[in-house]
Each structure stands twice: as structure tokens, then as C-alpha cells.
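Have a look at the structure below, then the notes.
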Amino acid sequence: MSKSKNTITTKPNQELITEKNLSTIEERLINGETLSEILKGNQFQCSLMKFYHYLKKNPELETRILEARKLGVQTLIDKLLQVFNYQEVESPNEILWIREKAKFVQWVAGKITDLYSDNKTIKQDIDTKMSISWEDNSDNMIDVSEDVTDITPPDNKD
């Protein structure tokens, strides 16, 4: 009776994505390709799920990929503008198809970046401190300074 072979192999402790590969992925994202298109080939030898898991462990890389995606959406919008400005479309079906693509890209752009969003968030710098004072009959002042969210009026014992 022979001993069974060890079928568990360990992968070398190497980085999943090199800096050169990450730069290539960023460049292709900026050119308007999707992440699933980029990772579909055997060039990076990494599945989409593994790549997302890798990004979760590396927040700074996740930020870089997110910025590249935002720029990629802007590239797609530029390409659509070129179609609208320079391409002669004669078929009504093509016009409808281009219109649907434009609506989809506009919707995605509104979700990914504030640049093309109708509902832009407005940042306001508001001081939440408020000073309230009450006077009683004996000309003594009671001064209360608290956060606006915690203000409770004093009990009236008149």
C-alpha cells in the first residue's frame, strides 16, 4: 500500500497585480473599456472576483481604479458627442440605438461622478452652536451654550 500524494499546492507569495499591470488596467479603463472586458483575457491571469477582493484589501488601489472608471465614463461621453457632432446617421434604427446608448451612459455617469449629475450635493459649512439666554425678574441672566441638537429649554417655575 502506497502513501497518497499531497494534492494541495501552495502558490508563491507574489503580488496579484503588479504596478505595470495596474497601470495598463487604469489606461484601458480610461479608454472606456469595462473591467470585465479587461480581465476577460489571459493577460492578467486574474478573475474579476479575485480582482475585487484584491481591491478591498488595498484601498489606495481601489481609489485609483475608481478614478480611472470615472475618467472612462467621461471618455464614453466624449465618444458619444463625436457621434452626435460628426457622424451622419441615415437609418432610424441607428438613431434610436445611439439615443439609448446615450441615455444609458448619461445614467451611469450620474451615478459614478458628480460632474454629470443633476442632483449635486452641496457642501455647507454650518456652525451648529447656538447661544440662548433667559432673563428672570431679578435681572440675573442664565446663559446656556450647547450644540443645537441638544437644546432643552429650562423648566418654568413661575
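Taking the stated definitions as given, is residue 136 surrounded by 10 or more Cβ atoms within 10 Å (Cβ to Cβ), modelled with pLDDT under 85 and of a type in the set (D, E, K, R)?
Details: surrounded by 10 or more Cβ atoms within 10 Å (Cβ to Cβ): yes; modelled with pLDDT under 85: yes; of a type in the set (D, E, K, R): yes.
Yes: the conditions hold for residue 136.
Here are 129, 123: which of them is within 18 Å of the chain's Cα centre (by Cα), loosely packed, with under 10 Cβ neighbours inside 10 Å and at pLDDT 70 or above?
Values: 129 fails: within 18 Å of the chain's Cα centre (by Cα).
So the residue among 129, 123 that is within 18 Å of the chain's Cα centre (by Cα), loosely packed, with under 10 Cβ neighbours inside 10 Å and at pLDDT 70 or above is 123.
State the number of residues belonging to segment 35-79 that are surrounded by 14 or more Cβ atoms within 10 Å (Cβ to Cβ) and not in a helix (DSSP H, G or I).
Selection size over segment 35-79: 3.
In the list 77, 98, 112, which residue meets the criterion of being touching a Phe, Trp or Tyr at 6+ places or on another chain (Cβ under 9 Å) and under 30 Å from residue 19 (Cβ atoms)? Give the steps one after another, and end with the answer.
Working: 98 fails: under 30 Å from residue 19 (Cβ atoms); 112 fails: touching a Phe, Trp or Tyr at 6+ places or on another chain (Cβ under 9 Å).
Answer to the check: 77.
For the subset of segment 80-104 comprising residues that are aliphatic (A, V, I, L, M) and within 25 Å of the chain's Cα centre (by Cα), which member is surrounded by the fewest Cβ atoms within 10 Å (Cβ to Cβ)?
Pass one, segment 80-104, residues aliphatic (A, V, I, L, M): 80-81, 83, 89, 95-96, 98, 102.
Still in the list and also within 25 Å of the chain's Cα centre (by Cα): 80-81, 102.
On the way: 80: 15, 81: 11, 102: 16.
Ranking the qualifying residues of segment 80-104, first place goes to 81.
With 111, 79 as the choices, which residue is of a type in the set (D, E, K, R), on the phi < 0 side of the Ramachandran plot and free of Cβ contacts under 8 Å to residues at least 24 places away in the same chain?
Details: 79 fails: free of Cβ contacts under 8 Å to residues at least 24 places away in the same chain.
Just a single option satisfies the conditions, and that option is 111.
The values are calculated or read from the model by the stated rules, or taken from the named source; none is laboratory data. Everything numeric in this text was worked out from a predicted model, so none of it was measured. Every residue, glycine as well, gets a Cβ built from its backbone with ideal geometry; the counts of neighbours run over all protein chains shown.
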